[in-house]
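K.L.:
Got a structure for you, written out below as structure tokens; questions coming shortly.
The values are calculated or read from the model by the stated rules, or taken from the named source; none is laboratory data. Just so it is clear, the structure is predicted and the values come from calculations on it, not from any experiment. Neighbour counts run over all protein chains shown; Cβ positions are idealised from the backbone, glycine included.
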Amino acid sequence: MQDKGIRGRLSGAALAVAAMLWTALAPPAARAEVPELKIAIQYGLGYLPLMVAKNKQLIEKHAEARGAGPVKVSWIVLNGGAATNDALLTGNAHIVGAGIAPLLTIWDKTRTSNPVKALTGLDSSAYWINSNNANVRTIRDLTDKDRIAVPAVKISINSVVLQIAAEKEFGPGHHYDFEKLTVQLSPPEATAALVSGKTEITGHITTPTYGTVQLASPNVHRILSSRDVFGTATLVLAYGTTKFYEENPKLAAAFVDAVRDGLALIERDKEEAARVYLAEESNKLTHAEVVALLNNPDISYSLVPVNTGVIADFMHRVGSIKTKPASWKDYVFPLLHDEAGS
């Protein structure tokens, strides 16, 4: 009886040792990806691919397909690149949509720690500068009495468009000539101010979404298009941190899949894309007007960033970013590296 007890205790001890060895040597269990994906977007048709993804629950669909679901996707709407970058760095958003200028700014600041990079391109539409000042026909006519609305002063792509235009018009060193004229307002606020003509706002740097509403007013006219300055470029992208990208590879890939599907829907069914836009964002445009906008050559989309180097080179040259990217791939995650970007 005593021998059996000893053998039993020895067997138990052996099993315990075996269990500890198995725990130590077994591969770690796969870490679950975030159960709630938080995304921040801004105003206008530039974010339509993401609005389609939201409306059609495309991220949830692709997350399930890639084994990262079920996932809850939460959306917030912010104004300007500064606000979206703050949301990203404070953890209030995992992915944000904003201009190439805010992306390059935050990429430059984080590149040695937790680099922020683009997951996809979104919008390659033109940016217009509209004015309600009858005396302003070109940017040369702007004076200290003018005030130009942008979503974020200096950092927004809207501001950078004006900076590049000023340098092209007046020469090197003049890129900030009009910076003192800029005022921070959301696109809806700026549109209301410009059309009313009853505020200090005499200009707005905007996309065709709100620019078209403005130009419907007889007292508003266009003085410049970004395509006159540097051609077609992807000026709005979706981006996140390297930490999020590496810890949530399935969700990151699902997000890219969803944007790709959203872009495909916009391309094949502009009637439905217009319906989605009006369902997701309050706007004075009619359904027919949104469809017409989507057929306007000044509006275009791109999953893969194109001609972003022109913005990166300018921002580095004038000191807005310290590091000059060697390639567009420096500030874009590898999911798109096999594509033909620029």
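K.L.:
Look at the range 236-295 and say how many of its residues are within 22 Å of LEU88 (Cβ to Cβ) and outside any helix (DSSP H, G or I).
P.N.:
Qualifying residue count, the range 236-295: 8.
K.L.:
Right, another one. Looking only at residues in the range 105-114 that are of a type outside the set (S, T, N, Q) and at pLDDT 95 or above, which one is surrounded by the fewest Cβ atoms within 10 Å (Cβ to Cβ)? Explain how you work it out, then say what you get.
P.N.:
Restricting attention to the range 105-114, the residues satisfying the condition of being of a type outside the set (S, T, N, Q) are 106-109, 111.
Right, trim to at pLDDT 95 or above and you get 106-109.
Details: ILE106: 27, TRP107: 22, ASP108: 21, LYS109: 16.
Here the residue is LYS109.
K.L.:
Residue under question is VAL276, and the condition is that it be of a type in the set (Val, Ile, Thr) and either touching a strand residue (DSSP E or B) at 6+ places or on another chain (Cβ under 7 Å) or surrounded by fewer than 15 Cβ atoms within 10 Å (Cβ to Cβ) (or both); does it hold? Please lay out each step first, then the result.
P.N.:
Numbers: of a type in the set (Val, Ile, Thr): yes; either touching a strand residue (DSSP E or B) at 6+ places or on another chain (Cβ under 7 Å) or surrounded by fewer than 15 Cβ atoms within 10 Å (Cβ to Cβ) (or both): no.
Answer is no for this residue.
K.L.:
Test of understanding: among ASP108, ASP146, which residue is of a type outside the set (Ser, Thr, Tyr), in contact with a Ser or Thr (Cβ under 7 Å, 6 or more places away or on another chain) and assigned to a loop (DSSP other than H, G, I, E, B)?
P.N.:
Working: ASP108 fails: assigned to a loop (DSSP other than H, G, I, E, B).
It is ASP146.
K.L.:
Filter the range 71-104 for residues that are touching a Gly at 6+ places or on another chain (Cβ under 6 Å) and either in the same structural domain as HIS204 (by TED's automatic domain parsing) or hydrophobic (A, V, I, L, M, F, W, C) (or both); which is nearest to ILE311 (Cα to Cα)?
P.N.:
The residue in question is ALA98.
K.L.:
Where in the range 12-99 are the strands (runs of 3 or more DSSP E), entirely inside, with at least 2 residues that are under 20 Å from SER302 (Cα atoms), out of contact with any Pro (no Cβ under 8 Å at 6 or more places or on another chain) and at pLDDT 85 or above? Working first, answer last.
P.N.:
Values: elements: 36-41, 72-77, 95-99.
Result: 36-41, 95-99.
Matching residues to (1) in contact with a strand residue (DSSP E or B) (Cβ under 8 Å, 6 or more places away or on another chain); (2) assigned to a helix (DSSP H, G or I); (3) among the small types (Gly, Ala, Ser); (4) at pLDDT 95 or above:
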site	(1), (2), (3), (4)
ASN130	yes, no, no, yes
ARG140	no, yes, no, yes
VAL161	yes, yes, no, no
PRO172	no, no, no, no
VAL183	yes, no, no, no
ALA190	yes, yes, yes, no
LYS198	no, no, no, no
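K.L.:
Another question, then. Going by the structure shown, is ALA149 more than 29 Å from LYS284 (Cα to Cα), in contact with a His (Cβ under 7 Å, 6 or more places away or on another chain) and aliphatic (A, V, I, L, M)?
P.N.:
Numbers: more than 29 Å from LYS284 (Cα to Cα): no; in contact with a His (Cβ under 7 Å, 6 or more places away or on another chain): yes; aliphatic (A, V, I, L, M): yes.
When the stated conditions are applied, ALA149 does not pass them.
K.L.:
For VAL256, indicate whether it is farther than 21 Å from LEU162 by Cβ, in contact with a strand residue (DSSP E or B) (Cβ under 7 Å, 6 or more places away or on another chain) and not charged (D, E, K, R).
P.N.:
Answer is yes for this residue.
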